[in-house]
Amino acid sequence: MLQKMSNYLASKIGRILKMDKEREEIIAYGAFGLIQTLWSLVLTVVFGLIFNVLAEVLIVSLTAVVLRKFSGGAHATSPNRCAVLGIVVSGGFALIIKSTAANLNIAFILVYAFAVFTFAYFTTSRYSPVD
């Protein structure tokens, strides 16, 4: 469905701007990326609103997006599966954060956050970008 939408959009833009087929394919590729990103964002916001974890799920998702740019990794077999898998993972983390954050004191959270940041920084700087 997303591929059809991006191809349709690219053909419309290509006809209006009198582009050749190669340029239409480039437009279709960009349109696909944009539509996929917007679709994932809408699903993330809907999940956050339904489960009352909007701030948490957005923080987890945006952090993953920043790291994903440099880390590579596995890919789902379809764009919809990618979006759903992203929602399951980031939504799951958001629910865990929401349920446990109320029981922790600020000192523990700061020490834990520093440890996680340090680990993530060194891991990312050592192994990213992936070829």
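The values are calculated or read from the model by the stated rules, or taken from the named source; none is laboratory data. Given the structure is predicted, the values throughout are model-derived calculations rather than measurements. Here Cβ is always computed from backbone atoms with ideal geometry, including for glycine, and neighbour counts include all displayed protein chains. Only protein heavy atoms, including side chains, enter the accessible area calculation; ligands, DNA and RNA are left aside. Shrake-Rupley method; radii C 1.70, N 1.55, O 1.52, S 1.80 Å.
Taking only pairs six or more apart or across chains, which ones have beta-carbon atoms under 8 Å, a first residue in region 88-111 that is closer than 16 Å to residue 50 by Cβ, and a second residue that is polar (S, T, N, Q) and surrounded by 10 or more Cβ atoms within 10 Å (Cβ to Cβ)? Pairs found: 90/44; 90/61; 91/44; 98/52. Close contacts from region 55-66, counting a first residue that is more than 17 Å from residue 82 (Cα to Cα) and a second that is assigned to a helix (DSSP H, G or I) and hydrophobic (A, V, I, L, M, F, W, C), with Cβ to Cβ under 7 Å and a gap of 6+ residues or different chains, come to 56/94; 56/97. Across region 4-27, a minimum of one residue is classified as in contact (Cβ under 8 Å) with a residue 12 or more places away in the chain, of a type in the set (Ser, Thr, Tyr) and farther than 30 Å from residue 93 by Cα. Say whether the condition of being within 30 Å of residue 38 (Cα to Cα), hydrophobic (A, V, I, L, M, F, W, C) and touching a Phe, Trp or Tyr at 6+ places or on another chain (Cβ under 6 Å) is met by at least one residue in region 85-92. Checking region 85-92: at least one residue is within 30 Å of residue 38 (Cα to Cα), hydrophobic (A, V, I, L, M, F, W, C) and touching a Phe, Trp or Tyr at 6+ places or on another chain (Cβ under 6 Å).
Among what's in region 1-29 and is assigned to a helix (DSSP H, G or I) and of a type in the set (D, E, K, R), pick the residue that is farthest from residue 80 (Cα to Cα). So, considering only residues that are assigned to a helix (DSSP H, G or I) and of a type in the set (D, E, K, R), the one farthest from residue 80 (Cα to Cα) is 15.
When region 65-82 is limited to residues that are open to solvent by less than 70 Å² (accessible area, probe 1.4 Å) and assigned to a helix (DSSP H, G or I), the one that is modelled with the lowest pLDDT turns out to be 71. Number of residues in region 47-64 that are aliphatic (A, V, I, L, M) and open to solvent by 70 Å² or more (accessible area, probe 1.4 Å): the value is 4. Within region 37-46, the only residue that satisfies the criterion of being open to solvent by less than 50 Å² (accessible area, probe 1.4 Å) and either free of Cβ contacts under 8 Å to residues at least 40 places away in the same chain or touching an Asp or Glu at 6+ places or on another chain (Cβ under 7 Å) (or both) is 45.
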